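Heads up: the structure comes next, in structure tokens.
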Amino acid sequence: MIKISDLYYENRKKYDELSVFHWFSKAIGVEYECLSLSERPDFIIKLESKKIGVEITLAERMSSQPFSMQQIESSQRQFSEKLIQNIKPNLPLDVGLIFEDGVAVDNKSADKALMVLIPLINQVSASMAPNSVEYLVRKKVDLLHIKQMKHICPEIPNFLQHIQLLNDGQKVSVVTGCRGGIVDYFNESDLLPILKKKHKALLGYAKCDEHWLVIVSGQVPPIFVEHESPPKLMIASMATSFAGLNLQHPIKSNFERVYFFDCPTNAILIT
């Protein structure tokens, strides 16, 4: 049987979907006979002499912004990538970005902010004591409960609350990102747009004995690591996070099976 890692090297763009499928198959305990890449649907498996098409799609939190939560977090990640690529601190730092959940990025002002933040981070690092924490804040009154050194930087963009600089003896500099927010339950208003879109697409799928739709929530763990060195960028995501499932099911669908998959362990059949 072809290994998932072999399929990844065949088409690296499929890695995220392959990771989802790997954890999903473990969660429902399915022992398929073979797995092949497809486009419509994403995968085709052979299971007990049946040909089953599996389509992977993301459950995404609704946004009050003109942009989706995925687009917002993607822009925040691009900002973080530019930061780690350009800082040259005097000593290795963990630069902690504290994000505002769901606040969109103005790329023009974000790039201007980087022009101030990069030299400021380099400058602050030069005088930091071993095993210390210092903060970049917009105003003097920010983080009043914090006793550590604070540096005023009005240019911090509005999608960040503040920035934490940690000197903890690490060997390389990294940028980490965390965010807080309230996540609602996945309900009918989240489900119906997905079904409408996927039912339309289903008309053009490859012919199979059954078609399954897997709606994925949460962050997907990697299934293998290519590089031995740790990543320099670690950004938390909440775009596809939900508090749980709040649906009257079974639901009606043109798919033989629809699963809500709270990755990586909990797959709920909702048809």
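The values are calculated or read from the model by the stated rules, or taken from the named source; none is laboratory data. Here the structure is a predicted model, which means the values were calculated and not measured. Every residue, glycine among them, receives a Cβ derived from its backbone with ideal geometry; neighbour counts consider all protein chains shown. Heavy atoms of the whole protein, side chains included, go into the accessibility calculation; ligands, DNA and RNA do not. Shrake-Rupley method; radii C 1.70, N 1.55, O 1.52, S 1.80 Å.
In table form, for the structure just shown:
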read-out	value
Between the range 242-271 and the range 120-138, the Cα center-to-center distance that results, in Å	47 Å
For the chain, size of Cβ-based charge dipole, Lys and Arg +1, Asp and Glu -1, in debye	520 debye
Count of Lys pairs (Cα-Cα under 17 Å; at least 8 positions apart or interchain) in the range 69-179	6
Approximate spin-label separation Glu48-Met149, in nm, with each point projected 7 Å along Cα-to-Cβ	6.6 nm
Translational D in µm²/s for the range 1-145 (Stokes-Einstein at 10 °C, 1.306 mPa s, Kirkwood Rh from C-alpha pairs)	81 µm²/s
Within the range 24-40, backbone nitrogen closer than 19 Å to the virtual label 7 Å beyond the Cα of Gln70 toward Cβ	24, 38-40
Within a Gaussian network of the chain (alpha carbon springs, distance under 10 Å), most fluctuating of Leu233, Leu47, Leu83	Leu47
Label corresponding to Cα extents along the principal axes in Å when calculated from the structure given, among [x] 67, 39, 30; [y] 93, 40, 27; [z] 85, 39, 38	[x]
The range 69-179, Cα convex hull volume normalised per residue, Å³	94 Å³
Kirkwood Rh in Å, taken over the range 66-115 so that all alpha-carbon pairs contribute	12.0 Å
Leu269 versus Asn86: modelled label distance in nm, points set 7 Å from Cα along the beta carbon direction	5.3 nm
Per residue accessible area in Å² of the range 69-179, where ligands, DNA and RNA are left out and the probe is 1.4 Å	51 Å²
Cβ-Cβ FRET estimate between Lys140 and Ala236, R0 fixed at 22 Å, reported to 0.05	0.20
Computed helical MRE - 222 nm, the chain, DSSP H runs ≥ 4 contributing -39500 (n - 2.57), nearest 500	-9000 deg cm²/dmol
Stretchable slack from Glu256 to Phe224, in nm (0.36 nm times residue separation minus alpha-carbon distance)	8.4 nm
Added length on full extension, which subtracts the Cα-Cα distance from 0.36 nm per residue, Gln123 to His249	39.6 nm
Apportionment of accessible area to carbon and sulfur, the chain, percent (1.4 Å)	51 percent
Net charge, Tyr135 excluded, C-beta distance under 9 Å - Lys, Arg +1, Asp, Glu -1	-1
Spacing of the two label points (7 Å from each Cα toward its C-beta) at Asp106 and Ala201, in nm	3.4 nm
Shape of the range 186-271, Cα gyration tensor, a/c cut at 1.5	prolate
Selection of chymotrypsin sites (Phe, Trp or Tyr not before Pro), the range 121-208, meeting DSSP coil and at most 13 other Cβ within 10 Å	Tyr185
The range 69-179: antiparallel DSSP beta bridges as a percent of all, rounded to 5	55 percent
